[in-house]
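All of the numbers you see were taken from the coordinates with simple rules; none came from a lab. Model, not experiment: these values are computed from the prediction. Heads up, the Cβs are rebuilt from the backbone with ideal geometry, glycines too, and the neighbour counts pull from every protein chain shown.
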Amino acid sequence: MRLILIGPPGVGKGTQAALLESRLGVKPLSSGVIFRAEIEAETDLGRLAKRYIEHGELVPNGVTIEMMAKRIRRDEVRKHGFVLDGFPRTIRQAEALEEILDEMGMPLDKVVSIEVDDEVVLSRLAGRIGCTKCGEIYHSVNKPPKREGICDKCNSPLFVRTDDQPETILERLRVFRENTAPVRDYYREKGLLQVVDGRHEPEEVYQEIVAGVEA
Ligand code: AMP
């Protein structure tokens, strides 16, 4: 399966990518997760990305494309397929991805746009907590962990993303509308787009995605 998940921050892309991995073995490639790992490891790329991420802005196309191209070209991705979460976020990135996949002879199956209103995004992100190790996502009100600050799944510490602050969230929504909404239209024109209602429960969204890919 070769999928892209598009949607505003907090719509549930990461949750769906994790479900697709655990149930179907598809490799999740999340640009945001990869950037955060680079920041944690204090690499040159991490230091560069941090400046943009902290302000809710996009990391420049050149370094982002290079970073993702390296991962997409890996053998395990060729073998098991992928679910891209957070990439491509600009038309330039979408064009670059097309070149990489053409070269590998791996066409996309579907591009899933998960859609919700801004108010839903704001309330979800305001309480979002993530696991530092396995990436499981919690919410302080809607889905609290059993023990405060500890992941139910792997017992690692939980954290709140530095870019999940109110002003940064608004900037990320603006950036999404300006740069990433056109990417959705780009794939619609190519006949690859499937729209899913992100207000539904994660299980329902998952079933809709799988049914769309199989259709
Ligand atoms: P995410 O975890 O997908 O919400 O991404 C967190 C942040 O990482 C974004 O707000 C951007 O600053 C940066 N980022 C992630 N993916 C991309 C991308 N494809 N292009 C540029 N910046 C990105």
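Computed quantities for the displayed model
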{"quantity": "Directionally averaged shadow of the chain, computed from the convex hull of its alpha-carbon atoms, nm²", "calculated": "11.3"}
{"quantity": "Given charges at Cβ of Lys, Arg, Asp, Glu: region 164-208 dipole, positive-most of His200, Thr168, Ala181", "calculated": "Ala181"}
{"quantity": "Exposure proxy order (Cβ contacts within 10 Å, fewest to most) of Ile39, Ile65", "calculated": "Ile39, Ile65"}
{"quantity": "Whole-number percent relative contact order across the chain, with pairs defined as alpha carbons under 8 Å at least 6 apart", "calculated": "30"}
{"quantity": "Highest-first arrangement of 199-205, 125-131, 6-12, where packing means the average Cβ count within 10 Å", "calculated": "6-12, 125-131, 199-205"}
{"quantity": "Check: region 1-69 dipole with +1 on Lys, Arg Cβ and -1 on Asp, Glu Cβ, in debye", "calculated": "320"}
{"quantity": "Value of [θ]222 nm, deg cm²/dmol, for the chain, DSSP H segments ≥ 4, -39500 (n - 2.57) each, nearest 500", "calculated": "-14500 deg cm²/dmol"}
{"quantity": "Unsatisfied cross-links (Cα-Cα over 20 Å) in the set Lys27/Lys133; Lys110/Lys133; Lys133/Lys153", "calculated": "Lys110/Lys133"}
{"quantity": "Separation between Cα centres of region 113-143 and region 10-41, rounded to whole Å", "calculated": "14"}
{"quantity": "Partner aspartates and glutamates for Lys190 [C-alpha distance under 14 Å; skip if fewer than 8 residues away on the same chain]", "calculated": "Glu95, Glu98, Asp109"}
{"quantity": "For region 91-215: rounded, prolate or oblate by the Cα gyration tensor [a/c cutoff 1.5]", "calculated": "prolate"}
{"quantity": "Fewest-first sequence of Ser22, Ser123 by Cβ atoms within 10 Å of each Cβ", "calculated": "Ser22, Ser123"}
